[in-house]
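The structure appears right after this line, and notes come after that.
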Amino acid sequence: MSLTEELFAYLESTHPRSLGGVREAREVAPERFDAMCELFLDWGAAASGDNFIPGAVDAFVDFSNDVLMEQARYERRGTYKRSTFAECEAEVYGKRDVMDHYLWGAYLTNFLWAHHVDIAIFFEDRFLRRVAKDAKIVEIAPGHGQFGIWALTQRPGTTLRGFDISPSSMVIANKMAAAAGVADRAVYERRDAMDLDQMEPDCADVVICSFLVEHLEQPHKLYETIGRLLKPGGVAFTTGALTAAHADHIFEFKRESELLHLAEDHGLRVLESLSIGPSRTLPRAKQLPRSMAMLLQRRKHDHW
Ligand SMILES: C[S@@+](CC[C@H](N)C(=O)[O-])C[C@H]1O[C@@H](n2cnc3c(N)ncnc32)[C@H](O)[C@@H]1O
């Protein structure tokens, strides 16, 4: 039985209410879904050992349910649950058991949520082709490491430095890089993204930063850093969440233009973008939660 078949069988037996959403994700692009699912499950199984499918699928279902619960609270109250990085670090990023479960859950959402399948395809088709064979990649907030590791496997001459605040990320991303056969080209360091402005400027050909911006008190500092780290002409893949609540989302973006402006205000040209939400929302929802991906380029000159 393939890992994908195992995943569907486990969902059917243990979490039947989550099965419809995952089938919907497969319908977005069945062949692409099957290829991604098998690849990512294979890395996960090699990284985490026995019993990967039940543990990771339970984490995915818990993550998805938490998102629904937080979105319902946000609809009622009009604000996200938390507003400071310190609270999130104390309650989420710094707690190994909480964060391990969270990161495996988040990992699976990147290919089992239908709208995230579109984002993964955007990454593979639109972004990866712009990554040079020997690019120096900086990944900010890699979490489980999926996006950067995917780039490393597709471009054998590239190297990556990854920076994340969470001790869990250091353990999981290193294991994932080993599982994908790229550990010799990936180095992860526990570091706050808000301190990366001290790194040498123009040191990266490529920056990857997925689903961090909504976790920050000062999102503009992140884009300032990306603009500073990238060489002129270098490219970045970034994603962010709009009107989408979660336990550790603290900055509420409402409009796509807010993310576009963050990039443009820091020397980055928006080459392409994709903003997409789930096909179903909560009954009587006022907000449409969206995930937005941007493909950016550091401007070479003053002109656009
Ligand atoms: C939602 S996860 C995203 C993981 C992965 N990039 C993805 O797209 O699935 C958010 C990540 O941001 C990290 N993070 C949050 N605040 C951070 C900060 N100030 N500096 C560095 N990493 C941070 C968390 O530890 C976590 O790994």
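Coordinate-derived values only; no laboratory data. These numbers were taken from a predicted model, which means no experiment stands behind them. As a convention, Cβ positions derive from the backbone with ideal geometry for all residues, glycine included, and neighbour counts pool all protein chains shown.
Points worth noting:
- Per residue, the convex hull spanned by the alpha carbons of the stretch 184-269 comes to 106 Å³.
- Distance from the stretch 24-55 to the stretch 206-284 (C-alpha centre basis), Å: 26
- Neighbourhood net charge (13 Å Cβ-Cβ; Lys/Arg +1, Asp/Glu -1) for L268: +2
- Nearby lysines by direct alpha-carbon distance to K133 (threshold 17 angstrom, same-chain neighbours under 8 apart not counted): K231
- Helical mean residue ellipticity (222 nm; -39500 (n - 2.57) per DSSP H run of 4+; nearest 500) of the chain: -15000 deg cm²/dmol
- With bins 5 Å wide beginning at 0, the percent of Cα pairs of the stretch 3-111 falling in each bin runs 2, 11, 18, 22, 18, 12, 10, 6, 0.
- Considering only L212, L19, L103, the mean-square fluctuation computed in a Gaussian network model of the chain, springs between alpha carbons under 10 angstrom, is largest for L19.
- Cα-based equivalent ellipsoid of the stretch 146-208: semi-axis lengths in Å, sorted from largest, via gyration tensor: 19, 16, 8
- Taking a straight Cα-Cα cut-off under 18 Å and skipping sequence neighbours fewer than 8 places away in the same chain, the lysines within cross-link reach of K254 are K81, K286.
- Over 32 Å between alpha carbons, listed pairs K221/K300; K136/K221; K95/K300: K95/K300
- In the frame of its principal axes, the stretch 48-140 has Cα extents of 46, 37, 28 Å, reported largest first.
- Average projection area in nm² (convex hull over Cα atoms of the chain, one quarter of hull surface): 14.6
- Taking G181, G234, G145 as the candidate residues, the one with maximal mean-square fluctuation in a Gaussian network model of the chain, Cα springs under 10 Å, is G181.
- Under conditions of 25 °C and 0.890 mPa s, the stretch 252-298 yields 206 µm² s⁻¹ as its translational diffusion coefficient, taking Rh as the Kirkwood radius over Cα pairs in the Stokes-Einstein equation.
- GNM top mover of T79, T243, T109 - the chain, alpha-carbon springs below 10 Å: T79
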